Amino acid sequence: MATKYHARIYVTLRSSVLDPAGTAVESGLKQMGYTEVESVRIGKYIEMQLTANNEDEAKQHLDEMCDRLLANTVIENYCFELSELATV
């Protein structure tokens with residue numbers, strides 16, 4: 001029987017990749033007086049619901065989706081959290 005899952009996916013630039021948006025936000029925060037800010041990196045957050053036969057299958061599909069569309073694995077890393085949705 002198929003199970004519904006909720007996924008939270010985090011996509012971030014690799015540490016070796018420059019992040020001009022993060023640098024701009026960091027500069028803006030410092031200009032606003034938040035001098036304690038030391039480093040800002042900008043990423044993407046994605047939520048989705050999916051149905052799979054089991055958790056391993058859901059994780060495999062999420063890996064494939066991230067590799068093929070959601071992240072540019074040349075310059076980005078990704079990780080995800082997966083939780084089973086309660087059935088009513």
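Here, each number is a calculation from the coordinates, and none is a lab measurement. Here the structure is a predicted model, which is why all the values come from computation and not from measurement. Note: ideal-geometry Cβ built from the backbone for every residue, glycine included; neighbour counts use all protein chains shown.
Quick test for you: out of 45, 34, 78, pick the one residue that is within 29 Å of residue 19 (Cβ to Cβ), of a type outside the set (Gly, Ala, Ser) and surrounded by 13 or more Cβ atoms within 10 Å (Cβ to Cβ).
On the way: 45 fails: surrounded by 13 or more Cβ atoms within 10 Å (Cβ to Cβ); 34 fails: surrounded by 13 or more Cβ atoms within 10 Å (Cβ to Cβ).
Being within 29 Å of residue 19 (Cβ to Cβ), of a type outside the set (Gly, Ala, Ser) and surrounded by 13 or more Cβ atoms within 10 Å (Cβ to Cβ) holds for just one of 45, 34, 78, which is 78.
Among the residues of the stretch 57-88, those identified as among the hydrophobic types (A, V, I, L, M, F, W, C), within 15 Å of the chain's Cα centre (by Cα) and not in a loop (DSSP other than H, G, I, E, B) are 62, 65, 66, 69, 70, 79, 80, 82.
Please work out which residue is surrounded by the most Cβ atoms within 10 Å (Cβ to Cβ), limiting yourself to the stretch 60-75 and to residues that are out of contact with any Phe, Trp or Tyr (no Cβ under 8 Å at 6 or more places or on another chain) and closer than 26 Å to residue 1 by Cβ. Outline the logic, then answer.
Filtering the stretch 60-75 down to residues out of contact with any Phe, Trp or Tyr (no Cβ under 8 Å at 6 or more places or on another chain) leaves 60-61, 63-65, 67-69, 72-75.
Those left that are additionally closer than 26 Å to residue 1 by Cβ: 60-61, 63-65.
On the way: 60: 12, 61: 15, 63: 12, 64: 11, 65: 18.
My answer is 65.
All conditions in (1) more than 23 Å from residue 75 (Cα to Cα); (2) free of Cβ contacts under 8 Å to residues at least 24 places away in the same chain; (3) surrounded by 13 or more Cβ atoms within 10 Å (Cβ to Cβ) hold for residue 56, with the sole exception of (3).
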